[in-house]
């Protein structure tokens, strides 16, 4: 059965994935205003008292193209970005997977039963924009300070740390149990 | 205003300025160098006569200044004086034209043209005669979307304009309320071309105000001038600009004009272009401002003058290259559109996916509008 609203999808997404995200030692932040868009979620990995990696996530019931355009904007301030689509409506997105591959944006599906599958693995990289990455770092740091997290750096440092590769693999392992095999199968 | 004057004087951009009383005090207008005033147009901006926004109150002939607590029913009573002072101001200031203002109406009551005649146009034509100026007279006309697209309404508007013997031309404002930054309605664009063409056939001068990049498309119908605005609210007419009750809205995202793409590209895509698109800088043309803006640490902000001075510089260059005769100009614009669509294709191939306000989705409607306009010319036997 399909999700009726994005809110419903979002709540279920949290229930299913928060435990995995927390086991990874990552933070998740909901609807942080980046100045050029509001991702449904930012998954944030911290290394000591620095932000070391950010993934942007956009949930969509069915409109893959709108999701792709939004997620592409998030790459200005994230290391990777994903569009997650209701599994019942994933087919049109899969038929257009070349656009996700070309843009380096990840594509995943999610259903009511909590099954999460990555179909296209996002291409990781430095955020496109230093200005916007610095801005999101400040906002993320402010948001994390609510959890008594005391940031050491509030600049662009998160794109330069050495933990990036480890964090990336961690995300794939934790978010989807078959993500690595999907990754290998499509030979990105 | 200062940027526009600087661009006009230092960068030799454009052929003149449109002076906006909303933004410029009367005394400052009077202090402008005569060389600027002589080639510029003063837009009296009576769009919302009750407005007290900005610097409008510094003009004694502005209706709300002339009559405190102005009611619509007062307009006819005070307009004779307003018109005479306004015409005298334009003549004494030595502007290129005498501009007859207009009122903005949300809806179009069946007698609205008669209302405009009685409340504004006739008093101004009387004032022009009384002042005895030999300056050419432009009538401000706001064409609403329905008057642009519907042939009967368009004809009614054109009949009204061309029935006025005492005007020399029109300051034409084509209102297109939309949610997108660019006009994407081929019927509207075609209708706009037909209006401009019809006015030119009637030997009227046509100055098209409040344009974005579609000013280039409009040029194929042969207007005498297309105005280019700097901020977004000057590139598309909206009465909200004059409305004091308007709630303050968030500043728009900064954008940079690309002459090769015929589009304003949001800054959020500039760094992606830098990273993924070889030769990205050439998309934006050359201006004295690009080297500063293309520095990675440039602090993008929609109020930075460099964005608009760059636009004035490269857009003005683009307009100056437009060919004569008009048939050749149309071929040139078609080629510009084809080239821009080709660039957008290569941008997507490079893995860059701009949204609908930075992509090329406004350009196919330009092609549709030109095809529609050509059919119209053929029907007229031209």
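Below 8 Å, C-alpha to C-alpha, sequence gap of six or more: please give me the relative contact order for chain B in percent. Please report the intermediate quantities before stating the final value.
On the way: 566 pairs, mean separation 53.9, N = 382.
For chain B, the relative contact order is 14 percent.
What do you get for Rg/Rh of segment B:1-64 when both radii come from the Cα atoms and Rh is the Kirkwood radius? Provide the component values of the computation, followed by the final result.
Working: Rg = 12.4 Å, Rh = 12.4 Å.
We get a ratio of 1.00 for segment B:1-64.
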If I model a spin label as a point 7 Å beyond the Cα along the Cα-Cβ vector, how far apart are those points for residue A:145 and residue B:321 in nm? 5.1 nm
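Wrap a convex hull around the Cα atoms of segment B:75-171, take a quarter of its surface area, and give that in square nanometres.
Values: hull surface 24.7 nm².
Over every viewing direction, the Cα hull of segment B:75-171 projects on average to 6.2 nm².
For segment B:316-382, go through all pairs of different Cα atoms, get the mean of 1/r, take its inverse, and jot down that Kirkwood value in Å.
Numbers: mean 1/r = 0.0732 Å⁻¹.
13.7 Å is the Kirkwood radius here.
Computed over the Cα atoms of segment A:49-99, what is the convex hull's projected area averaged over all directions, in nm²?
3.9 nm²
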Mean Cβ-within-10 Å packing, highest first, puts peptides B:226-233, B:358-365 in the order B:358-365, B:226-233
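If contacts are Cα pairs under 8 angstrom and at least 6 residues apart, what is the relative contact order of segment B:256-379 in percent? Mind showing how you got there, number by number?
Values: 94 pairs, mean separation 43.4, N = 124.
About 35 percent, as a whole number.
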Distance in nm between label sites at residue B:25 and residue B:156, each 7 Å beyond Cα in the beta-carbon direction? 4.4 nm
Please compute the volume of the convex hull spanned by the alpha-carbon atoms of segment B:256-379 and report it per residue in Å³. 108 Å³
Where labels lie 7 Å past Cα in the beta-carbon direction, separation of residue A:23 and residue B:250 in nm: 3.7 nm
In deg cm²/dmol, rounded to 500, what helix-only [θ] at 222 nm does chain B give when every DSSP H run of at least 4 residues adds -39500 (n - 2.57) and the total is split over its residues? -12500 deg cm²/dmol
Considering the zone a paramagnetic label at residue B:39 would reach in this model (a point 7 Å from Cα along the Cα-to-Cβ line), which residues of segment B:287-319 have amide N under 14 Å from it? B:316-317
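Hey, with R₀ at 45 Å, roughly what FRET efficiency would residue B:349 and residue B:377 work out to, going by the Cβ-Cβ distance, to 0.05? Could the numbers behind the result be given before it?
Working: r = 36 Å, r/R0 = 0.81.
After rounding, the FRET efficiency stands at 0.80.
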Distance-filtered residues of segment B:122-154 - backbone nitrogen under 11 Å, label point 7 angstrom along residue B:78 Cα→Cβ: none
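Find how much the distance from residue B:68 to residue B:126 grows on full extension, using 0.36 nm per residue of separation minus their present alpha carbon separation; answer in nm with one decimal.
Length gained between residue B:68 and residue B:126: 18.5 nm.
Rounded to two decimals, what is Rg over Rh for segment B:1-145 when you use alpha-carbon atoms and the Kirkwood radius? Don't skip to the end; give the middle numbers.
Numbers: Rg = 15.3 Å, Rh = 15.8 Å.
Radius of gyration over Kirkwood radius for segment B:1-145 works out to 0.97.
Quick one: if the Förster radius is 25 Å, what FRET efficiency do residue B:240 and residue B:2 give, using the C-beta to C-beta distance and rounding to 0.05? Intermediate results must be reported in sequence, preceding the final value.
On the way: r = 24 Å, r/R0 = 0.95.
E between residue B:240 and residue B:2, to the nearest 0.05, is 0.60.
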Between the alpha-carbon centers of segment B:303-357 and segment B:139-213, tell me the distance in whole angstrom. 23 Å
Pick out which of B:255, B:295, B:309 has the largest mean-square fluctuation in a Gaussian network model of chain B, springs linking Cα atoms closer than 10 Å. B:295
What angle do you read, to the nearest 10 degrees and between 0 and 90, between the alpha-carbon axis of helix B:122-131 and the longest principal axis of chain B? 80 degrees
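Compare the peptides A:70-82, B:317-329, B:2-14 by average per-residue count of other Cβ atoms within 10 angstrom and give them in order, highest first. It would help to have the intermediate numbers written out before the result.
Details: A:70-82: 27.8, B:317-329: 13.5, B:2-14: 16.2.
Order by mean packing, descending: A:70-82, B:2-14, B:317-329.
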What value does segment B:123-277 have for Rg/Rh, both radii from Cα atoms and Rh as Kirkwood defines it? 1.04
May I ask you to derive the FRET efficiency for residue B:201 and residue A:63 from their Cβ-Cβ distance with R0 = 51 Å, giving the value to the nearest 0.05? 0.65
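Using 0.36 nm per residue of separation minus the Cα-Cα distance, give me the extension gain between residue B:231 and residue B:88 in nm, one decimal. It would help to have the intermediate numbers written out before the result.
Values: separation 143, 0.36 × 143 = 51.48 nm, distance 3.00 nm.
Between residue B:231 and residue B:88, full extension yields 48.5 nm more.
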For segment B:2-242, what D do you get in µm² per second when you plug the Kirkwood radius from alpha-carbon pairs into Stokes-Einstein at 10 °C and 1.306 mPa s? 87 µm²/s
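Sequence gap at least 6, Cα distance under 8 Å: using those rules, report the relative contact order of segment B:206-301 to the nearest whole percent. List each step's numbers first, then the result.
Numbers: 84 pairs, mean separation 18.1, N = 96.
Relative CO of segment B:206-301 lands at 19 percent.
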Output the Kirkwood hydrodynamic radius of segment B:70-112, Cα pairs only, in Å rounded to one decimal. 12.3 Å
Distance from segment B:1-33 to segment A:95-128 (C-alpha centre basis), Å: 51 Å
Amide N proximity, segment B:279-309 versus residue B:339 label position 7 Å along Cα-to-Cβ, cut-off under 18 Å: B:279-287
What average count of beta carbons from other chains do you get within 10 Å of the Cβ of residues in A:20-32? 0
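Using Cβ counts within 10 Å as a stand-in for footprinting exposure, how do B:79, B:336 rank, fewest first? Please list the in-between numbers first.
Values: B:79 25, B:336 20.
Listed from fewest to most nearby Cβ atoms, that is B:336, B:79.
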Principal axis dimensions, largest first and in whole angstrom, of the protein assembly as shown by Cα: 85, 54, 47
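Give me B:86, B:39, B:24 sorted ascending by neighbouring Cβ count inside 10 Å, so fewest comes first.
Details: B:86 29, B:39 13, B:24 20.
If I rank by nearby Cβ atoms, fewest first, I get B:39, B:24, B:86.
Every number here is computed from the coordinates shown, using simple stated rules; none is lab data. Note that the coordinates shown come from a computational prediction; the quantities given were computed from them, not determined experimentally. Cβ sites come from the backbone with ideal geometry, for glycine too, and all protein chains shown count toward neighbours.
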